[in-house]
Amino acid sequence: MVEKILKLFNSDLKVINIGLELFKNDLESQKVSVVQVSWQPNPKLEKEYEDILSKIL
Amino acid sequence: MKTNYYRDSLQLLRLSEEAKKIEGVKDAAVVMATSTNKEILNKLKLLTSEGLSASSSDLIIAVLADSEPAIDHGIQRIEALLTQPPTASKGRFHTIEAALLSMPDANLAIVSIPGEHVRRIVTSLLEKGLNVHLFSDHVSLEDEFELKKLAKSKGLLVMGPGAGTSIIAGKAIAFANVVRKGNVGIVAAAGTGLQEVSVLVNDCGLGVSQALGTGGGDVKDQIGGITTLQAIEALERDTSTSIIVIVSKPPDATVKKKILDYVTQSTTKPVVTCFLGAEWSTNTIVNGTRISSTRTLHAAVLETLKRASPQATFDSISMSPNELFAIVNELRKELKGRQRYVRGLYTGGTLAYEALVILNQLVGSVYSNAPLNSSFRLPKSSESLKDSILDLGEEEFTLGRAHPMIDPTVRQLRLIEEARDPEVAVIIMDIMLGYGSHSDPAGAMCDSISKAQMIAKNDHRVLPILAHVCGTDQDPQRRSDQIERLEKIGVRTFSTNALMVTASALISRRGIVTLATLNEFYKQFLDSSHGK
């Protein structure tokens with residue numbers, strides 16, 4: 001069951017980069033399509049607020 | 001100090017570089033307050049009592065300047081840089097969902113976020129049908145197993161955690177080199193092992209079809225080689241791959257058996273394995289015809305070349321025992337009697353491991369922070385002992401810092417310390433090129449190398465420094481330029497890590513390791529056809 005992996009080998013890469021922007025810049029200089037997710041950890045919340053948020057989201 | 005304030009290590013490295021340029025500032029650092037960073041600030045004379053009391057989720061801004069106003073100015077400028085809001089521009093998003101809306105046909109995600117957040121994020125990426133190159137480390141084996149199980153059920157790959165390198169469809173992912181396209185497929189649970197093999201294959205005129213990093217955890221019992229086996233199956237079916245190379249630090253016994261059984265029963269292409277440091281027994285050598293096992297990265301490449309192209313020439317990476325002896329005789333001739341030990345300062349973990357394997361054979365057991373045998377673990381990673389090989393990419397050197405392939409500070413400081421030890425006979429180091437790495441890794445070491453040579457000279461010693469530049473002329477740093485920089489200041493460079501390490505053994509054990517021993521070593525560890 002490796003068809004999807006073989007497809008990856010034979011396609012143009014389309015990359016979502018989550019975290020270090022360095023990797024996005026390096027891919028762009030190789031002419032790879034890439035979009036950046038500027039990731040940040042969720043702020044630390046009191047447990048009470050966290051529980052409320054997790055119910056809402 | 002700013003409490004509970006997160007910025008990633010690369011943002012902070014860049015900010016520290018900017019901060020050093022602020023007018024009136026003599027030195028500066030902006031770091032997360034991990035124990036590693038506090039130790040380094042202390043060595044740089046940038047640690048205050050407030051910094052000492054900070055915890056690892058706090059951020060330290062340290063500024064050294066001549067006057068209070070200059071310090072205040074420096075801190076204000078840095079705070080302004082830190083609080084600049086991230087710009088939401090084209091191609092930049094705050095959520096994965098938004099990114100996917102903009103690129104609905106994405107086929108790969110690269111993930112480099114703190115380990116505790118990986119499971120949630122990667123699960124959602126797999127659910128959305130993306131293959132994942134997972135650079136993050138500090139991911140538990142339990143999380144790794146769950147993610148890989150999910151990926152396999154969906155026919156997708158999770159390369160990592162801790163995957164430093166892949167080359168997919170001709171593109172370098174994370175820390176990888178620019179090598180030509182060709183028919184050699186590589187699977188590696190060892191990032192710099194993948195880099196060394198792909199670079200040497202390129203040097204000898206061949207090329208790489210795909211090179212897939214699996215992360216070191218993949219070959220542990222708890223994971224069972226899930227990604228390694230998927231990758232081998234994919235390379236077996238990939239029409240552009242005609243030979244498969246498998247590189248790893250020693251897998252757990254059951255995983256090694258699983259991999260070898262799979263290779264024997266379910267593949268038809270030639271396969272070369274290099275399980276560095278694995279216990280060498282007859283059952284490791286599977287089949288001398290289609291499948292061959294090697295003990296070093298150097299040997300794996302030679303074996304690959306022989307199978308991929310019978311006419312291939314190895315001149316670019318080979319050196320006969322006699323040639324090596326001649327080079328070493330020149331390097332060792334002015335050494336003092338008490339200079340007896342090798343010290344290795346590695347940024348590449350697999351290359352450090354290959355060094356341990358080779359030195360173990362030629363000089364005996366060697367101390368390390370990542371040793372072959374746990375009884376030779378350095379009591380303190382901050383102090384070398386006799387023959388010592390350091391993997392500066394290990395956690396104790398990198399907690400809250402950029403990897404030493406990007407940030408040379410830790411190695412610069414350590415080199416000076418090693419040079420002060422009158423028992424050191426030779427220092428070896430890797431210079432890793434390619435995407436992801438420092439833009440001028442050789443240049444970044446030059447000042448420290450010159451200082452180290454001066455320390456030895458003032459103590460009436462010479463101190464041979466050897467380097468292996470792992471990269472190609474097509475890499476952004478250009479290998480020939482990097483070699484030139486090093487050789488200009490008296491560093492002797494070698495075409496492979498294995499040859500450099502072998503030379504260091506001959507220098508430190510001058511007169512003890514004979515040509516006959518070396519010939520036998522070549523046959524077993526570097527080139528099985530040597531002497532035939």
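For region B:138-156, filtered to residues that are more than 19 Å from A:G19 (Cα to Cα) and hydrophobic (A, V, I, L, M, F, W, C), the residue that is nearest to the other protein chains (Cβ to nearest Cβ) is B:L156.
Checking B:L392, B:L463 one by one, the residue that is among the hydrophobic types (A, V, I, L, M, F, W, C) and closer than 30 Å to B:V139 by Cα is B:L392 and no other. Selection over region B:401-417 of residues that are more than 14 Å from every other protein chain (Cβ to nearest Cβ) and under 18 Å from the mean Cα position of the chain (by Cα) gives a count of 8. Taking the numbered list (1) modelled with pLDDT of 95 or more; (2) over 21 Å from A:G19 (Cα atoms); (3) not polar (S, T, N, Q) in turn, B:R119 passes all entries but (2).
Residues that are in contact with a helix residue (DSSP H, G or I) (Cβ under 6 Å, 6 or more places away or on another chain) and either surrounded by fewer than 19 Cβ atoms within 10 Å (Cβ to Cβ) or modelled with pLDDT under 95 (or both) within region B:364-375 comprise B:S365, B:L372, listed in sequence order. Could you say whether any residue in region B:56-66 is buried (at least 19 other Cβ atoms within 10 Å of the Cβ), among the hydroxyl-bearing types (S, T, Y) and either over 23 Å from B:P114 (Cα atoms) or within 14 Å of chain A (Cβ to nearest Cβ) (or both)? So far as region B:56-66 goes, no, none of its residues is buried (at least 19 other Cβ atoms within 10 Å of the Cβ), among the hydroxyl-bearing types (S, T, Y) and either over 23 Å from B:P114 (Cα atoms) or within 14 Å of chain A (Cβ to nearest Cβ) (or both). Among residues of region B:517-529 that are without any contact (Cβ under 8 Å) to a residue 12 or more places away in the chain, those with a Cβ under 6 angstrom from a residue that is not charged (D, E, K, R), sequence gap 6+ or separate chain, pair up as B:K523/B:H530; B:K523/B:G531. Comparison of B:Q11, B:Q76 shows that the only residue that is part of a helix (DSSP H, G or I) and either within 14 Å of chain A (Cβ to nearest Cβ) or touching a strand residue (DSSP E or B) at 6+ places or on another chain (Cβ under 7 Å) (or both) is B:Q11. When B:G511 is tested against the conditions (1) at pLDDT 95 or above; (2) surrounded by fewer than 24 Cβ atoms within 10 Å (Cβ to Cβ), the lone failure is (1).
Candidates in region B:214-235 are the residues that are away from chain A (no Cβ under 14 Å) and part of a helix (DSSP H, G or I); of these, the one that is surrounded by the fewest Cβ atoms within 10 Å (Cβ to Cβ) is B:G217.
Answer yes or no as to whether B:C470 is touching a Leu at 6+ places or on another chain (Cβ under 8 Å), buried (at least 20 other Cβ atoms within 10 Å of the Cβ) and not acidic (D, E). The answer is yes for B:C470. Residue-level check: of (1) surrounded by 19 or more Cβ atoms within 10 Å (Cβ to Cβ); (2) out of contact with any Phe, Trp or Tyr (no Cβ under 6 Å at 6 or more places or on another chain); (3) under 30 Å from B:V197 (Cα atoms), B:A419 misses just (3).
Is it the case that some residue within region B:18-31 is within 12 Å of chain A (Cβ to nearest Cβ) and either touching a Cys at 6+ places or on another chain (Cβ under 7 Å) or more than 19 Å from B:L399 (Cα to Cα) (or both)? No, because not a single residue in region B:18-31 is within 12 Å of chain A (Cβ to nearest Cβ) and either touching a Cys at 6+ places or on another chain (Cβ under 7 Å) or more than 19 Å from B:L399 (Cα to Cα) (or both).
For B:R120, state whether it is within 29 Å of B:G216 (Cα to Cα) and free of Cβ contacts under 8 Å to residues at least 24 places away in the same chain. Yes. Residues that are farther than 30 Å from B:A172 by Cα, within 14 Å of another protein chain (Cβ to nearest Cβ) and without any contact (Cβ under 8 Å) to a residue 60 or more places away in the chain do occur in region B:48-55.
Which members of region B:96-113 meet the condition of being in a loop (DSSP other than H, G, I, E, B) and facing another protein chain (nearest Cβ under 7 Å)? Steps first, answer last, please.
We begin by selecting, within region B:96-113, every residue in a loop (DSSP other than H, G, I, E, B); these are B:103-107, B:113.
B:M103, B:D105, B:A106, B:N107, B:I113, listed by residue number.
Scanning region B:239-255 for residues that are outside any loop (DSSP other than H, G, I, E, B) and farther than 24 Å from B:V208 by Cα gives B:A253, B:T254, B:V255. In chain A, counting only helices (runs of 4 or more DSSP H) that sit wholly within it, the ones holding 1 or more residues that are at pLDDT 75 or above and exposed (fewer than 14 other Cβ atoms within 10 Å of the Cβ) span A:3-9, A:21-29. Of the residues in region B:495-502, at least one is under 14 Å from B:N322 (Cα atoms) and assigned by TED's automatic domain parsing to the domain that holds B:I427. Number of residues in region B:325-355 that are surrounded by fewer than 19 Cβ atoms within 10 Å (Cβ to Cβ), out of contact with any strand residue (DSSP E or B) (no Cβ under 8 Å at 6 or more places or on another chain) and either not in a loop (DSSP other than H, G, I, E, B) or not small (G, A, S) (or both) equals 8. Checked across region B:150-160, the condition of being buried (at least 24 other Cβ atoms within 10 Å of the Cβ), under 20 Å from A:K24 (Cα atoms) and at pLDDT below 95 holds for at least one residue. Every listed requirement among (1) among the aromatic types (F, W, Y); (2) in contact with a strand residue (DSSP E or B) (Cβ under 7 Å, 6 or more places away or on another chain); (3) under 20 Å from B:K523 (Cβ atoms) is met by B:F314 save one, (2).
Checking B:A402, B:A425 one by one, the residue that is closer than 22 Å to B:V491 by Cβ, aliphatic (A, V, I, L, M) and outside the structural domain of B:V31 (by TED's automatic domain parsing) is B:A425 and no other.
Filtering region B:16-35 to residues that are crowded, with 20+ Cβ neighbours inside 10 Å and touching a residue at least 24 places away in the same chain (Cβ under 8 Å) leaves B:A19, B:V25, B:A28, B:A29, B:V30, B:V31, B:M32, B:A33, B:T34.
The values are calculated or read from the model by the stated rules, or taken from the named source; none is laboratory data. These figures come from a predicted structure and were not determined experimentally. Note that we place each Cβ from the backbone using ideal geometry, even for glycine, and neighbour counts take in every protein chain shown.
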